[in-house]
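Single-structure report; data block below.
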Amino acid sequence: MNPRWLSRASRLALRMALAATIAIATAGVALAGQRGLEEVKTAGTKNIHVLHVRGNVYMLAGAGCNITVEVGKEYVIVVDSGLPQFADEVVTTIRNLTTLPIMFLGNTTSDADHTGGNTILFRAGWALPNATRGFAREEEKDRSRLKLLTGTTIVTSLSVSGRTEDQTGKNSAITFGKEGFKLYNNEPVIWYNMGRAHTEGDSVVLFRGSDVLSAGELFSTTSFPVIDRENGGTIDGYLDALNDLIVLLVPEYGEEGGTYVIPGHGHLSDRADVVNYRDMVTIVRSRIEKMVRNGMTFEQVKAAKPTLDYDGVYGAESGLKFTEAVYHDITKGAPQPATK
């Protein structure tokens, strides 16, 4: 339409509509930038892929588990270290993101694919000045005496620390119990002890300002839960932990968006994904419990395939291991029925 044939009022309305359209589009671009969700290209890394999630938080995939990196104002916090063969590449990736010192390395679990790179990341990091949070009086007078000691500080629950091989030195760890642990690195960073879930004492880490949560082995988009009964894991504790985790997550609209969740394995998620996972675990557990009440042996339960309708998402082999763990957890201490 030729604007010359429009009335003055119509031309004014057209200009206002055009301006509004541009403003909305610009706001959308700005909002997308705030949300992050952009892959970051880093030099010298072929296995590690970096996703800027939001705010200060990045997700590193390809190291055996998902690694969370928070780049604050003064230092870097890393959650989980992946497998040892990828550790040098992980360090290179972090150095491509920032030159700030790696001061804290959190381990959400004792699993080898979450702790295997601890030694190399420890050596690549720096402890707090003189291993304290403050400075001695004489150092305050002479700031040149301040120095960072080699070695990052490991942060983990007491239970996980007891199961992790000491790869870093006796004075390099901060451990916590049910009270969790808190830091401030340009935003509140909170470790929550999730109790007896995957194992005893696994934790999740919430980056409250960025609104991103690192879930460790408590949540995966690629497999059924792993219940490590030998290290204190229980199916009921796992469900309790998932419910507690959901309480921490806030959706943006219609259960989509909002708090982002970095799973131990798989793709970036949100509250709806965790709710669906919790529902799946609840359904499968209920099926197995009913079979046990009906006197079915493990071989009969296995043949009934209680995870079948979810195997296409999480894997049949993973489903079988989950079925076995749930069955033996439910029947612990009870006499086993004879095979019918």
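Among the listed pairs 178/321; 46/302; 305/332; 46/305, which are separated by more than 31 Å between their Cα atoms?
46/302; 46/305
Run a plain Debye calculation on segment 170-259 (Cα atoms as equal point scatterers, no solvent) and give log10 I(q)/I(0) at q = 0.19, 0.25, 0.26 Å⁻¹, rounded to two decimals, same order as the q list.
Summing over Cα pairs of segment 170-259 leads to -0.95, -1.29, -1.33.
Please give the FRET efficiency for residue 316 paired with residue 74, using the beta carbon to beta carbon distance and R0 = 35 Å, rounded to the nearest 0.05.
The value I calculate is 0.15.
Please list, in order along segment 285-301, the HN-Hα scalar couplings obtained from phi with the Karplus expression 6.51 cos²θ - 1.76 cosθ + 1.60 (θ = phi - 60°), rounded to whole Hz, x for Gly and Pro.
Along segment 285-301, the couplings run 4, 5, 4, 5, 4, 5, 5, 5, 4, 7, x, 6, 7, 4, 4, 5, 5 Hz.
Label residue 243 and residue 230 with points 7 Å out from Cα along Cα→Cβ: what is the distance between them in nm?
Those two pseudo-labels are separated by 3.0 nm.
Can you list the residues, at least 5 places off or on another chain, whose amide H is less than 5 Å from the amide H of residue 196, using H built in the peptide plane?
HN-HN under 5 Å from residue 196: 201.
Between residue 112 and residue 255, take the C-beta separation as r, use R0 = 25 Å, and let me know the FRET efficiency to the nearest 0.05.
The computed FRET efficiency comes out at 0.15.
Out of residues 5 or more away from residue 105 or on other chains, whose amide H comes under 5 Å of its own, with H placed 1.01 Å from N in the peptide plane?
Sorted by chain and number, the residues that satisfy this are 78, 153, 154, 155.
Would you mind checking the radius of gyration and Dmax of segment 193-340 based on alpha-carbon positions, in Å?
16.0, 57
Which value in Å does the Kirkwood hydrodynamic radius of segment 36-282 take, with 1/r averaged over all unlike C-alpha pairs and then inverted?
18.1
Take residue 222 and residue 308, extend 7 Å from each Cα along the Cα→Cβ direction, and tell me the distance between the two endpoints in nm.
The answer from the label model is 2.7 nm.
For residue 47 and residue 293, FRET efficiency with R0 = 56 Å and r from the beta-carbon atoms, rounded to 0.05?
0.75
Read the figures in this text as sums done on the coordinates, not as results from a lab. Everything numeric in this text was worked out from a predicted model, so none of it was measured. Note that each Cβ is placed from the backbone with ideal geometry, even for glycine, and that neighbours are counted across all protein chains shown.
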